Amino acid sequence: MLLMTLKPWLAISILFSFFLSNVIGAFVGINIGTDVSNSPPASDVVALLKARQITHVRLFNADAHMLKALANTSIEVIISVTNNEVLGIGESPSAAADWVNRNVAAYMPGVNITAIAVGSEVLTAIPNVAPVLVPAMNYLHKALVASRLNHQVKVSAPQSMDVIAKSFPPSTATFNSSWNSTIFQILQFLRNTNSYYMLNAYPYYEYVHSDGIFPIEYALFQPLSAVKQIVDPNTLFHYESMFDALVDATYNSIEALNFSDIPVVVTETGWPWAGDSKEPDATKENAETFNNNLIRRVSNDTGPPSQPKNPINTFIYEMFNEDKRPGPISERSWGIFSTNGSEVYPISLGSPGGISGNSSRAFCVAKPGADENKLQDGINWACGQGHANCSAIQSGQPCYFPDTLQNHASYAYNDYYQRMRSLGGTCDFDGTATMTTQDPSSRTCKFTGSSSPGGGVFPPAAFGPIGQISRSSTTRSPVFVRTVVILLALLMLDVNVHFVF
């Protein structure tokens, strides 16, 4: 047992750090690429970030103009060592120290730099440089230690899903054996420096390369019919989305090398909104569906089935189209904003008034005049396979009256939507449903998601393996909150605080 006495100012700092680290939920950030021919001025880019309330960005380099524009904004920034720089830094500690001095120390604390991404998919993009990747990471970390910035700035290296030999089923996923030695060293470094694994995971590519094995709904976070359910045969975990399965495959690959407690952050994911004749799934409709459902999914603050308490922090690829990239049309069509700041398609990323994963003021109800047979089918699906809690519309229960298909369908549809939207659930039901901001609750019947007296957002129900998804570990009990308040009161009175470990 360790007894520690702290002066008030230091105790306050530690207490707030602990409190904040345990109450801040998952975030969705954005990548800002470099292959843009008419990129807006850095000041305009940052103005757009602030206007959309985007709090996390990843730069594909350490551009001085962007870093200067990001000063004093509190936006959290990942900067990158480019693939062209990795070799020189991996062969020279002095080159690493110079890089940190020029691109990190020179801008902090004004710029909130939180991590350095070393290269981009080095193991698969430039395998000849792989032998110096871990030395580069170590040299950069040592340079951060020398600058006393190692606690604020972490070092990691983004990897593609190609380093995993077979991603499905997730429970048996392992890293490609040809990379085991290097990846083992990377994981050792991440564990020793309290950093995290950077994953580039693209359901678009996994779906396209699956040759029809997986349905597109699975890639787009959309509900799956009974005959299309995706289940890991070993764990019986149900995977509502390919995104969750890819993240779980990464966690299991890490565990296969006997590492644990290394978080996974998705540094790149997205969907192209245009493609050539051989890319029929690269459409605006699919890109809008994927990214908005992704935002809802991440905002749920839960992890994949095997890691329910580890929210999936994620960066969308990307802010603007990188029109100078070679290859098919899709390679130049990932941007969610035009360079004039307008949306390529409607997206709720960071925007005030957008429907977020935690919104409680949007309801899914049956359309007036909808076909009654379809309404009955919709009720049957929602209350059965859709896992909606339909007990309130049973005879004798608060929402039974009015006893009409329209009323019962509205309740069932909405309960399903509120529970499952963060996992890709939509409001359609064969065209019989619609969204409304008008609360359909009555004095006696409170719809899920209602903020009316007696209402409230109900916690997700547990259904077999899906029940593994629990409330985020960021939720704190009233006892914890009271403890924080009491400690803060004591600290404000200049009382020394004793901590026992």
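The values are calculated or read from the model by the stated rules, or taken from the named source; none is laboratory data. Because the structure is predicted, anything quoted here is derived from the model rather than measured. All Cβ positions, glycine included, derive from the backbone under ideal geometry; neighbour counts span all protein chains shown. These area figures cover heavy atoms from the full protein model, side chains too; ligands, DNA and RNA do not enter into them. Shrake-Rupley method; radii C 1.70, N 1.55, O 1.52, S 1.80 Å.
Observations on the model:
- Built amide H within the under 5 Å cut-off of K154, gap 5+: A115, I116
- Charged neighbours of N194, selected by a Cβ distance under 12 Å, balance to +1 (K, R count +1; D, E count -1).
- Solvent-accessible surface ranking, highest first, for H56, H151 at 1.4 angstrom: H151, H56
- The figure for I379 is an accessible area of roughly 20 square angstrom, using a 1.4 Å probe on the protein chains alone.
- Computed lengthening from Q185 to N234, 0.36 nm per intervening residue step minus Cα-Cα distance: 14.8 nm
- q = 0.13 Å⁻¹: log10 I(q)/I(0) that the Debye formula gives for segment 25-337, counting C-alpha atoms only: -0.96
- Length added when fully stretched, F401-K324, from 0.36 nm per residue minus Cα-Cα: 21.7 nm
- By accessible area with a 1.4 Å probe, ligands and nucleic acids excluded, highest first: order of E206, E91, E279: E91, E206, E279
- Using a probe radius of 1.4 angstrom, the carbon and sulfur fraction of the accessible surface of segment 25-337 is 49%.
- Cα-Cα separations in segment 237-343 greater than 24 Å, expressed as whole percent: 35 percent
- Cα pair distances exceeding 27 angstrom across segment 144-279, given as percent: 29 percent
- Accessible-area ranking of H209, H141, largest first, probe 1.4 Å: H209, H141
- Calculated FRET efficiency, S177 to I126, Cβ-Cβ distance, R0 = 30 Å: about 0.90 to the nearest 0.05.
- Using 0.36 nm per residue and subtracting the Cα-Cα separation, the extra length available between E372 and H65 on full extension is 104.5 nm.
- Computed FRET value (nearest 0.05) for N258 with K278, which takes r as the C-beta separation and R₀ as 41 Å: 0.45
- What the Cβ-Cβ distance of T436 and Y345 gives, at R0 = 30 Å and to the nearest 0.05, is a FRET efficiency of 0.85.
- Anisotropy class of segment 363-436 from Cα gyration tensor, a/c 1.5 cut: oblate
- Measuring with a 1.4 angstrom probe and ignoring ligands and nucleic acids, K50 comes out at about 120 Å² accessible.
- For the pair segment 373-423 / segment 221-249, the C-alpha centres are spaced 24 Å from each other.
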